[in-house]
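Reviewing the structure listed below.
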């Protein structure tokens with residue numbers, strides 16, 4: 001302390017900096033306190049007060065879901081990286097025809113709602129999917145020959161499909177910003193390609209790889225919709241167990257205990273992460289990104305690129321194509337038609353969405369769910385950016401205080417969406433905060449989920465801006481706010497649009513919390529799809545397909561619009 | 001003099017970027033122990049050429065040979081070349097010593113030897129005490145030295161330097177240039193030095209290779225190139241004087257009429273017919289002031305403008321017709337003075 005005090009100029013500079021950081025962090029922290037910690041606290045208080053009367057807990061009902069959650073998350077993460085790392089390299093270092101399209105495509109599954117992913121895999125490999133119906137038509141069998149749904153493979157496949165984009169984005173961005181001359185230097189100094197990767201690329205990418213590992217693992221760890229809809233009753237992750245205990249078995253103490261365990265796990269992970277990765281944001285010039293990527297030159301590179309693009313296409317496009325195609329294919333008789341029907345194209349699943357049937361699941365035409373979801377998503381983008389931008393710019397200047405805040409901001413990411421939803425329901429339905437009827441409840445929940453992504457996307461970009469640019473702007477007469485607007489904002493514009501895309505699409509697809517928070521008369525699209533899918537009958541299945549296809553299209557449109565909205569002139573930095 | 005042995009040969013190398021051809025069949029040789037300077041304007045493909053020689057980028061056509069052997073099948077890390085990058089490309093995640101030791105580690109040398117040689121290399125660039133520092137904490141000049149030590153430590157059979165002094169201040173540059181020349185002479189390692197700065201090139205090079213339009217336009221020792229730039233572009237790029245358009249009025253001895261008056265250029269060409277247009281180079285020095293215009297040629301009259309003190313002399317500009325001739329004076333002359341100057345015979349050179 002005394003040593004520090006002796007360095008007067010730096011000490012006072014640091015104090016000014018942290019005061020600024022604190023001001024920037026006030027709003028995000030208040031948001032977290034109100035909509036994250038307060039509901040969580042309420043849940044725990046409720047469950048503890050209820051625990052007195054509850055019967056003793058069976059240990060296996062805790063450890064079995066925990067063990068399975070860890071096991072499937074580790075397996076999923078490993079598989080995701082086996083696909084994602086080569087993919088990140090491809091995107092960072094090479095130009096190839098259709099790169100933009102493929103990039104958009106690889107983002108699509110990640111941002112797609114879990115329900116859509118579930119329906120897509122169902123449309124490809126499920127009992128009513130293309131493969132099974134095709135095989136049945138060929139062999140004349142009356143039972144689907146492939147058992148994919150309700151297996152571990154279904155969960156793993158969906159997780160790889162779902163999270164590859166995280167690796168592509170996080171690691172790929174860092175890779176693209178890595179100065180290629182560093183690898184060149186290693187190569188000229190006698191390092192083989194593999195050695196150059198291990199000694200130079202890997203250590204420099206480590207922060208982003210660790211970040212991606214943590215994100216993917218946390219995702220798989222707290223995966224809900226995919227496990228619920230594809231894994232079936234045999235596979236319960238903590239998340240599904242919480243959902244089942246809280247909603248179906250009404251065993252709140254056990255649900256609370258499970259969510260406590262999950263929070264402990266994710267807290268451990270994030271703390272570990274904060275220790276492991278002293279974020280070395282290598283100050284590389286933004287222009288390096290463009291210089292670095294070139295067309296694959298050697299035949300071997302070309303072959304590898306083609307193979308990788310092919311693999312990504314099959315993995316990412318096949319289920320989505322199956323979904324879209326299945327939604328306009330009549331392959332089975334409808335509910336009303338008892339006789340066999342000739343297979344062909346149909347739009348009846350879509351037409352049905354506009355009909356407000358008496359015996360339907362909703363009081364409104366199902367299409368209204370699309371309008372609800374869009375409104376919620378726009379609100380979520382606004383809230384998440386308004387909170388995420390100040391938070392990220394405060395965290396970009398690393399301080400001890402910032403580290404702890406960073407860990408705090410990451411917390412909602414690993415917290416079960418179901419717990420978040422449940423917390424909203426029990427905490428925000430009575431004074432002093434009665435938001436039960438507020439239309440803001442859903443976007444607030446979504447913002448909570450989206451905020452860690454927004455911060456994680458913005459913070460590395462902000463940290464990579466050389467301080468001397470800010471100093472130069474300041475000496476030229478720019479106020480701190482002007483500096484931020486003229487220097488930081490243009491450089492991070494791409495990161496901001498990526499962050500906005502994340503927030504938008506996370507909101508469109510959020511299922512766990514929404515299933516508890518949304519009011520029945522204002523269903524979101526994922527809720528509608530889930531309800532359709534859980535009903536029997538070809539028409540309900542068809543409507544789930546149609547709705548999921550619509551949501552897929554909407555998500556794609558959202559990404560395209562946001563890519564276009566990048567500030568003019570800074571798109572190519 | 002006996003022909004020195006060629007170690008590196010670049011033969012008819014072609015390369016284009018985004019449709020525009022950058023290197024158009026460039027060829028040259030490098031002898032053992034020689035330091036050649038690739039000199040050319042920014043964007044003339046010099047760095048690209050180094051990357052092609054290092055094997056980091058493929059050429060579209062042509063060959064790079066080492067002692068007569070085609071290097072195409074040899075991977076960059078197996079070539080045993082050293083390349084010092086523009087802006088150094090030091091590994092930010094490694095200390096100074098680790099950076100310097102990198103190439104030695106790649107040769108799988110014993111740990112002790114690696115350390116000794118890395119420290120030696122650091123000492124050679126005057127940074128013996130810096131071994132444990134982070135490279136991100138170094139100044140530009142220190143980074144430059146670390147990069148040089150890193151490139152030298154594995155004892156490369158060819159050293160390539162890509163604008164190594166590009167962003168340094170003048171004093172530091174002069175000092176590092178001297179260091180570089182000393183180290184290169186000591187090692188006897190053949191070196192290719194890329195720069196767009198002619199002073200740097202003159203200070204370091206045994207031979208200049210002037211690159212323009214994707215080819216070597218002129219090659220020779222600095223003295224040879226300065227004695228006869230050969231091409232108008234070379235004279236202009238090296239800032240050797242003023243280019244003057246003239247027309248031959250007499251073939252032998254050669255006299256040409258220009259806007260500056262009648263000039264008597266030195267000419268290495270065989271013959272110029274009367275009436276042919278020539279491009280002449282009027283060198284900056286040496287000049288004498290003519291009080292009475294007795295001669296009929298190589299006398300330029302004009303008005304003095306812009307006189308500036310240069311420490312040991314005065315630099316002035318003489319406005320004559322449309323030309324502005326710079327020249328040096330031992331005594332100041334007031335701007336606006338009308339003056340006749342006499343160009344020495346070697347100061348006027350025929351380029352075409």
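List of remarks:
- Angle in degrees between helix B:96-106 and the longest Cα principal axis of chain B, rounded to the nearest 10: 70 degrees
- Relative contact order (%) - chain B, alpha-carbon pairs under 8 angstrom, separation at least six: 15 percent
- Against chain B, whose longest principal axis comes from its Cα atoms, helix B:170-187 is set at around 60 degrees.
- Largest GNM mean-square fluctuation across B:210, B:329, B:281, computed for chain B with C-alpha springs under 10 Å, falls on B:329.
- Between residue B:65 and residue A:61, the modelled labels are 8.4 nm apart [label points 7 Å from Cα along Cα→Cβ].
- Using alpha-carbon coordinates, inclination of helix B:111-124 to the longest axis of chain B, degrees: 20 degrees
- Note on residue A:146 and residue B:352: with the Förster distance fixed at 51 Å, the Cβ-Cβ geometry gives a FRET efficiency of about 0.05.
- Neighbour counts of other Cβ atoms within 10 Å put A:300, B:324 in the fewest-to-most order A:300, B:324.
- Remark: the residue A:26-residue A:301 segment gains 94.0 nm on full extension, using 0.36 nm per residue and subtracting the alpha carbon distance.
- Residue A:347-residue B:231 FRET efficiency (beta carbon distance; Förster radius 60 Å; 0.05 resolution): 0.25
- Potential extension, residue B:315-residue B:276 segment - 0.36 nm per residue separation minus Cα distance: 10.7 nm
- Going by neighbour counts of Cβ atoms within 10 Å, the residues A:239, A:486 line up, fewest first, as A:486, A:239.
- The alpha carbon radius of gyration of chain B, expressed as a multiple of 2.2 N^0.38 Å, is 1.20.
- Two-site FRET efficiency, residue A:104 against residue A:194, from Cβ-Cβ distance with R₀ of 30 Å, rounded to 0.05: 0.40
- Under the simplified labelling scheme, the residue B:306-residue A:404 pair shows an inter-label distance of 6.3 nm, with each label point 7 Å from Cα along Cα→Cβ.
- Residue exposure sequence - B:125, B:299 - by fewest surrounding Cβ within 10 Å: B:299, B:125
Since every read-out is calculated from the coordinates, none of them should be taken as a lab result. The model shown is predicted, which means the values in this text are computed figures rather than measured ones. Note that we place each Cβ from the backbone using ideal geometry, even for glycine, and neighbour counts take in every protein chain shown.
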